[in-house]
Every structure is written in C-alpha cells, then in structure tokens.
Amino acid sequence: MRILVVAPPPGVRFAVQRGRAELLEPSAERREEIQFEFVLRSGSPLPAVPVNFVGEFAQGPPADRFIYINSGTLAGQADSRWTRRAKLKLASIPQQVVEAALSTPGGIVEARVAGTMPDGGPVCASVKPQAVVWALVRDGA
C-alpha cells in the first residue's frame, strides 16, 4: 500500500502508525507530498467483509479496519503545536481496485489524501471517503 499526503502544512511531521505506538517514517518527502509505503495482507475471509485486511498497520476490528496517519506530536515532533491523527477507512477502497491489486504483479493500492484541513492544520479525524482518491499503481510508479 502507498499513501500520499498531498499539500501538507509546512513544518508539520507526519508518520503512519504501526501497531499501538510505533511509527513508520515517510519513504519519500517533498514539499508538495509525503509518501508512505507498507504491506497489508488479505486475511481469511469474513462474513460481510469484502477484504479482511491484516498486518501491523491495519488498525481496528475486522469489519472496520483503517490506517492511522499521525501528525505533529503524535508523529514524534515534540515542538509541534499540532497533535492530530487521521483515519483512512480501508472499506472505502473500491473493490475493483483491491481485486486489481491482488491480481496484478507489482500492483499497489495507492491513496491520495489532502494533508491540510480548512483550519490550516494537518488532516485529522475520519477522512471522508470522497476525500480520498484510491487507485491501482504499479511498483516503481
């Protein structure tokens, strides 16, 4: 999986949460976007759950899995005025994107999310499904 935090507020650190307290640093960072890459697996099928995402980055119960994007102090930036965390719901990934990623060698599910809220701070709370662009990309894209 690849997450792109687009147009983040200047000077704010971001990290993806692994498990309860560990943080994944960006794999690439530019002023206009911050990129994270990590692995999620497809677990055993469950009733009423199209894909049971599992792995150390999948948070929450099986029927409501999500990824945390932490910012400011929650991303290890002690001097930040921000203490925020955004939740990307995995159930909002279009089924055709998931199926294509599972059947495409080198296929990656990519999420593009705006990094700045209307108040000028980092993205936070449960990100609305329409505010995330999910797509299939190939490794190296």
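The values are calculated or read from the model by the stated rules, or taken from the named source; none is laboratory data. Predicted model only: the values in this text are computed from it and were never measured. Here the Cβ positions follow ideal geometry from the backbone for every residue, glycine too, while neighbour counts run over all protein chains shown. For accessibility, only protein heavy atoms count, side chains too; no ligands or nucleic acids. Shrake-Rupley method; radii C 1.70, N 1.55, O 1.52, S 1.80 Å.
Nearest 5 is fine: what % of DSSP beta bridges in segment 6-141 come out antiparallel, could you say?
Details: 29 of 32 bridges.
Percentage antiparallel, nearest 5: 90.
Each of VAL39 and ALA7 was given a label point 7 Å from its Cα along the Cα-to-Cβ line. The distance between the two points is 3.5 nm.
So if I place +1 on the C-beta of Lys and Arg and -1 on the C-beta of Asp and Glu, and nothing else carries charge, what would the dipole magnitude of segment 79-125 be about its Cα centre? I want it in debye, nearest 20. Intermediate results must be reported in sequence, preceding the final value.
On the way: 6 positive and 4 negative charges, 41 e Å.
In debye, rounded to 20, segment 79-125 gives about 200.
Helical content of the chain, expressed as a calculated mean residue ellipticity at 222 nm, amounts to -2000 deg cm²/dmol (DSSP H runs of 4 or more residues, -39,500 (n - 2.57) each, divided by residue number, nearest 500).
Computed from point charges on the beta carbon alone (+1 for Lys and Arg, -1 for Asp and Glu), the dipole magnitude for the chain about its Cα centre is near 260 Debye. Solvent exposure of the chain, expressed per residue, is 53 Å² of accessible area, with all protein chains present and a 1.4 angstrom probe.
Projected onto their three principal axes, the Cα atoms of segment 29-90 cover extents of 44, 21, 17 Å, largest first. Placing pseudo-labels 7 Å out from each Cα toward the beta carbon at ALA48 and ARG30 gives an inter-label distance of 4.3 nm.
If r is the Cβ-Cβ distance from ASP119 to LEU23 and R0 is 30 Å, what FRET efficiency results, to the nearest 0.05?
On the way: r = 24 Å, r/R0 = 0.79.
Taking R0 as 30 Å, the efficiency between ASP119 and LEU23 is 0.80.
The apolar share of the surface of the chain, taken as the fraction of accessible area on carbon and sulfur atoms (1.4 Å probe, ligands and nucleic acids excluded), comes to 54 percent.
The candidate values are [x] 2.31; [y] 0.97; [z] 1.01; the one derived from this structure for Cα Rg over 2.2 N^0.38 Å carries the label [z].
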